[in-house]
Amino acid sequence: MSLSTYSAPAWLLLIASLLPASGCADTAALARAATTPTNTFAALWQPGWACGKTANVNRAFLRSLTDNNALHGYALNGIPLPILLGQNPEQSGAILFAKYNGKWQAYPIADGSVVLAAYSTPAFNRLMLFATGGREGPGNDYLVLYGKNQLRDFGCATAPFPAELSRPNWGNTYPGLHDFNMDTQGRGTLIAAANIVEGNTDSKHWYQYTSSDWGRSWGKALNLKALPPPKQGIFLPLQEVPASPWLLNNLLNSTP
């Protein structure tokens, strides 16, 4: 598999391929954003919104997402989860809508952000979304939105860029996410890769992040000599699917 990095304007960050089985590379959403005209709902990120914190949204906001084809769902083994992702980097970034106990909650990630990959345990007791940092370019980290208790509780963490990539010519690119998993004790590993050009040499560098607390914190990226074997654990990759009409109508009808 070819894994590379891409450059883009600050509001539109193209990313490298994910592991083929994940089905989570959101190039479709990025392409939609690239052709989406601005409208009266531009710059919808609200003051006070923060990654992993619940936020109030209104029906007009949701209508702006549906009108721009910027809402999609996720499925696990063909079964849709009770979540919808609103993703319009030019206007509001990525916002997760999760339904728990009959009630919807909105969890913004970052202004201008894009979700790169999503994973869940089989009973969606735990959820993990990896995203870009926001509108002003990649900055120095990924954002990680993690959920537990079957979508009842959410939080946000960062995974810092590899130290060797903290340089000006990496201002608008992201290393590609390649693999992720965790064991039953919450010990997890994330694998990323980047093509590094030094003189006339172009080589692929592999990086490994680890967490020991269910993704609430991540250590520094460690350089690997080669791609490690696929990670085993309790998480499975989610597949992006069109928004379920039933879930979409339920979300719209429950929003003032």
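The values are calculated or read from the model by the stated rules, or taken from the named source; none is laboratory data. As the structure is a computational prediction, the values presented were derived from the model and not from experiment. Backbone-built Cβ (ideal geometry, glycine too); neighbour counts: all protein chains shown. Accessible surface is based on the protein model in full, side chains and every heavy atom, while ligands, DNA and RNA are left aside. Shrake-Rupley method; radii C 1.70, N 1.55, O 1.52, S 1.80 Å.
Here is the figure for the range 177-193: residues that are more than 14 Å from residue 131 (Cβ to Cβ), open to solvent by less than 10 Å² (accessible area, probe 1.4 Å) and of a type outside the set (A, V, I, L, M) total 2. Counting only residues that are surrounded by 22 or more Cβ atoms within 10 Å (Cβ to Cβ) and either at pLDDT 95 or above or assigned to a strand (DSSP E or B) (or both), the range 128-145 holds 8 of them.
Residues that are touching a residue at least 12 places away in the same chain (Cβ under 8 Å) and not in a strand (DSSP E or B) within the range 79-119 comprise 89, 90, 91, 92, 101, 111, 112, 113, 114, listed in sequence order. Per the listing 175, 229, the residue uniquely modelled with pLDDT under 90 and of a type outside the set (A, V, I, L, M) is 175. Of all the residues in the range 55-70, those that are among the polar types (S, T, N, Q) and within 20 Å of the chain's Cα centre (by Cα) number 3.
Residue-wise test of (1) at pLDDT 95 or above; (2) open to solvent by less than 50 Å² (accessible area, probe 1.4 Å); (3) closer than 21 Å to residue 117 by Cα; (4) touching an Asp or Glu at 6+ places or on another chain (Cβ under 6 Å).
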| position | (1), (2), (3), (4) |
| --- | --- |
| 197 | no, no, no, no |
| 204 | no, no, yes, no |
| 218 | yes, yes, yes, no |
| 233 | yes, yes, yes, yes |
| 251 | no, yes, no, no |
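The numbered conditions (1) exposed (fewer than 13 other Cβ atoms within 10 Å of the Cβ); (2) at pLDDT 50 or above; (3) of a type in the set (S, T, N, Q) are all true for residue 64 except (1).
Just to be sure before I move on: is residue 209 open to solvent by less than 80 Å² (accessible area, probe 1.4 Å), at pLDDT 90 or above, within 30 Å of residue 102 (Cβ to Cβ) and out of contact with any Cys (no Cβ under 7 Å at 6 or more places or on another chain) in the structure I sent? No: the conditions fail for residue 209. Residue under question is residue 222, and the condition is that it be surrounded by 14 or more Cβ atoms within 10 Å (Cβ to Cβ), of a type in the set (A, V, I, L, M, F, W, C) and more than 30 Å from residue 69 (Cβ to Cβ); does it hold? So residue 222 fails the test. Residue count for the range 61-90 satisfying the condition of being of a type in the set (Asp, Glu) and in contact with a helix residue (DSSP H, G or I) (Cβ under 7 Å, 6 or more places away or on another chain): 1.
Taken over the range 91-105, residues that are open to solvent by less than 10 Å² (accessible area, probe 1.4 Å) and in contact with a helix residue (DSSP H, G or I) (Cβ under 9 Å, 6 or more places away or on another chain) amount to 5.
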